[in-house]
1. Could you identify the single residue in R55, R77 that is under 17 Å from D25 (Cα atoms) and either of a type in the set (D, E, K, R) or without any contact (Cβ under 8 Å) to a residue 24 or more places away in the chain (or both)?
2. What number goes with the only condition from (1) in a loop (DSSP other than H, G, I, E, B); (2) surrounded by fewer than 17 Cβ atoms within 10 Å (Cβ to Cβ); (3) free of Cβ contacts under 8 Å to residues at least 40 places away in the same chain that I130 does not pass?
Amino acid sequence: MKKRHLGLVLVVGLSFLLCAGASADIYVNGRTGNRDNDGRSEDDALLTIQAGLDRTSSGAVCHIAGEYGGMPIVYSRETNEEDFPIFMKAGVILRGEGNQKPIIESSESTSVFFVRNIEQPTTIEGFKIIGDFG
């Protein structure tokens, strides 16, 4: 009898942990972030917006740092190896944060964001976007 209860507790506990982690917010910083980080805190931020979106689940916020040392952070191929287009994910809030808006700069003649077949509420807010868009 004890074995059945223990198994049920393990299954329920594991399910809770998986569900709780499914909507965890993710942090990105184009200056101090790193591709090897997990993005679960500002101190362990990822380097690129795409890496942040890849790890963000529906219902969560992908926080994009807007400044470092009082200067705006530019997200581009040249500054932090950002690839374009950035593939948006359904149900995610992509939020630029800080006193200065993060700058997304594309020097390529391509779209900055690729948004397709998104049926859940999805938000992109708080950015300055500049570049040559053809």
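Values in this text are rule-based calculations from the coordinates and carry no lab data. The model shown is predicted, which means the values in this text are computed figures rather than measured ones. Positions of Cβ are generated from backbone atoms using ideal geometry, with glycine treated the same way; all protein chains shown enter the neighbour counts.
1. The conditions single out R55.
2. The failed condition is (1).
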